[in-house]
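One structure is given below, encoded as structure tokens.
The values are calculated or read from the model by the stated rules, or taken from the named source; none is laboratory data. Owing to the predicted nature of the structure, the values given are computational and were not obtained by experimental measurement. Counting neighbours? That spans all protein chains shown, and the Cβs are built from the backbone with ideal geometry, glycine included. Heads up: the accessible areas ignore ligands, DNA and RNA and are worked out on the full protein's heavy atoms, side chains in. Shrake-Rupley method; radii C 1.70, N 1.55, O 1.52, S 1.80 Å.
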Amino acid sequence: MVDLPEKLAKKLSDRNAVNALRSLPVSHGLVDFSSNDYLGLSRSQSVSSEALRLMEGHKVLQNGATGSRLLSGNHSLYQALEAELCQFHQTGAALVFNSGYDANIGFFSSVPQRGDVVFYDEYIHASIRDGIRMGNAKSYKFKHNDLDDLNNRCRMERSRNLADTEIYVVTESVFSMDGDAPDLNDLAALCKAQNCRLVVDEAHALGVFGSHGEGLVQVLNLQDSVFARLVTFGKGVGCHGAAILGSEGLKSYLVNFARSFIYTTGLPPHSIASVLSAYGHLKMPSDGLEKLRHNISYFNRKQSDLGLKEQFIISDSAIHCCLVPGNHKARNMAKAIQDKGFDVRAILSPTVPEGQERLRICLHSFNTEKEIDNLLEEVASLL
């Protein structure tokens, strides 16, 4: 085998020296407090069975898409899913991408133009940052969930730019590493007042918020105030892929200019059928969402009873983070909890800022109160 270049080997060595070297985990049968499968749909037999029926009904019993969607890969299940997304999410158009990462880099690398400005929350997801870097617009971060800081930046930018400068403001409805949320009502009002285009990543709100898990934008009835929404299917929907929701004009633009959409093989029919099946599950009466919400409330009460509120970031979502500063300490604490049978992962710098390392705990509809009790009692004993 050819050796790794010395400069790359040094980067690995440097990361290992600060206890931040990543490696692929193995499955170990622990109680799940780490996956994004909030409703347990990834393990649903009814979703799997219905997906096969949909493939048979659409006569697309094949293993692969066979090409990009612009060539041979645009099988009829895509049209069925995008129509379902429009109805479910109350939007004009939907365009399915292969992943949330593909959707974000496709959107942010192509939509904001040279001379435009993107303001992004400082805790925004890496896929959005990567997409912005690939584009030609100027970009600036604003303080996390700080609308005063954002408003001042928008005013300054408007005062020195031409009238045709587009300003895009991007946030997450639920932040993936903190579990908190911005004030979307006030944010939408700010964007309207400042003539900005609001973009919301709903990856960790889909399947968690809303009467059927529609996401926070629809809970607040803001779908007509948002220029674009990202929904992903690998979390609350329990499948794979993502979609950009917006106008027909935005969809047409992305089909023509989003390189991560144009130059890649489409998703296989089974992936699309699984998402379509999972959305059908979301629309039906189910106690899964109520169980998830109960577990979120129960977790917060138990956390308070054990005197842990100061260690946890405030969250009403399925994501809860216990701050354990220092990579070494966070990693050792996660290992101790795993040894007790709970799958909890440490989030280390540089994924989060240095000094804000943490244990990230994800709640699910299938977790029991006893499991939550035992987990939090173990956390309390280790702090």
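Data table
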read-out: Unsatisfied cross-links (Cα-Cα over 31 Å) in the set Lys283/Lys340; Lys10/Lys340; Lys192/Lys251; Lys291/Lys335; Lys141/Lys291; value: Lys283/Lys340; Lys10/Lys340; Lys141/Lys291
read-out: Residue-count net charge about Ala93 - beta-carbon cut-off 12 Å; Lys, Arg +1, Asp, Glu -1; value: 0
read-out: Accessible area of the chain divided out per residue, in Å², using a probe of 1.4 angstrom; value: 47 Å²
read-out: Cysteines in the chain lacking a second Cys C-beta under 4.7 Å; value: Cys86, Cys154, Cys239, Cys321, Cys322, Cys362
read-out: Estimated vicinal HN-Hα couplings, Hz - region 148-156 in sequence order (Karplus 6.51, -1.76, 1.60; Gly, Pro = x); value: 5, 4, 4, 4, 4, 5, 5, 4, 4
read-out: Residues with amide H under 5 Å from that of Val344, placed H, sequence gap 5 or more; value: Gln338
read-out: Interchain or long-range residues, amide H under 5 Å from Asp121's placed H; value: Phe142, Val170
read-out: Label-point separation, Ser304 to Glu290 (7 Å along Cα→Cβ), nm; value: 2.3 nm
read-out: Spatial separation of Cα centroids for region 130-190 and region 200-270, in angstrom; value: 19 Å
read-out: Integer Hz, Karplus 6.51/-1.76/1.60 couplings in order for region 232-247, x for Gly and Pro; value: 10, 9, x, 10, x, 7, x, 10, 7, x, 6, 8, 9, 10, x, 7
read-out: Amide H partners (placed H, <5 Å) of Gly236, local residues excluded; value: Tyr38
read-out: Inter-centroid distance (Cα atoms) of region 318-348 relative to region 23-43, Å; value: 15 Å
read-out: 3J(HN,Hα) from dihedral phi, region 195-212, Karplus parametrisation 6.51/-1.76/1.60, rounded to Hz, x for glycine, proline; value: 6, 10, 9, 8, 10, 10, 8, 9, 3, 9, 9, 5, x, 10, 10, x, 4, 10
read-out: Segments 16-26, 320-330 sorted - mean Cβ within 10 Å per residue, highest first; value: 320-330, 16-26
read-out: The chain, accessible surface, carbon-and-sulfur percent (1.4 angstrom probe); value: 51 percent
read-out: Among [x] -0.42, -0.53, -0.62, -1.01; [y] -0.22, -0.30, -0.39, -0.85; [z] -0.25, -0.34, -0.44, -1.02, the entry derived from the coordinates for log10 I(q)/I(0) by the Debye sum over Cα atoms at q = 0.06, 0.07, 0.08, 0.12 Å⁻¹; value: [z]
read-out: Where a label projected 7 Å from the Cα of Arg53 along Cα→Cβ would reach, residues of region 275-289 with amide N under 18 Å; value: 275-286
